[in-house]
Amino acid sequence: MSSGILSLDRPTPLRLWGFLVTAVGALVAGLGSVLDWVVLGFPGDERGTLDVPVKGVDVWEGKVVLAAAVLSLVGTLVLRLLHGTDARRAVALGVVTLGALAMALAISVAIRADARFAGTDGVDEIAANLSEQLGTPIDEVRSRVQEEYGSQLRVELGAGVWLTVVGGTLIVVGGSLSLAWARGAGRGYEASEAGRMSEAPPAGPPGPGDPTAT
């Protein structure tokens, strides 16, 4: 029976769905990591003129999520090349772990968004963005912004952080399906080997020329 990524054999439902769900999850998580996770602004700026988006890859968590999405996609492709049951299980478990990591990092940013970005770090982010746009020293921009709007920030979660949570969840589900397939394939292989050994004909008596004959 042929196997591998170029195999013409029809994949089992578990294997097919594991691959599809993981691939979709990796793409969704990767897309979420490059979209806005947080939008910073001032409560007094009703039009959002000074709003500054913080993309996932602007923080270290988003960079890790992007790497995890890429690795999980690679992992689900590698599964099609592996033959050993233990190797398949290890890769599938790794994919599940990567999905859980992506999901946990996005959730942690969402939970701590106010505490992390509502202080001076958020003001500095806005000041740096305006300084780059206006060509004005950042200290001057920060002073003018704080004088006009104060230091209290408005922190809103962007769509990217939720897409990442959804993508990470899909990776976990897809990896779990692949893990179930790997375990089932391993049990099937062991059962077939046991059946083959039990059906093997018994060895006949040694011939006259057999050196084991006594």
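Sequence-distant or interchain residues sharing an amide H contact under 5 Å with Val54, placed H: which?
Here Trp37, Val38, Val39, Leu40 satisfy the definition.
What list of ³J(HN,Hα) values in whole Hz, one per residue of the range 51-58 in order, does the Karplus curve 6.51 cos²θ - 1.76 cosθ + 1.60 (θ = phi - 60°) give from phi, with Gly and Pro shown as x?
Ordered by residue, 3J(HN,Hα) equals 4, 10, x, 10, 6, x, 6, 7 Hz.
Taking the Cβ of Gly62 as the centre, find all other residues whose Cβ is under 15 Å away and add up their charges (Lys, Arg: +1; Asp, Glu: -1).
Computed value for this residue: 0.
Taken together, the values in this text are just the output of simple stated rules run on the coordinates, not laboratory data. None of these values were measured; they are calculated from a predicted model. Quick reminder, even Gly has a Cβ in these numbers, built from the backbone with ideal geometry, and neighbours come from all protein chains shown.
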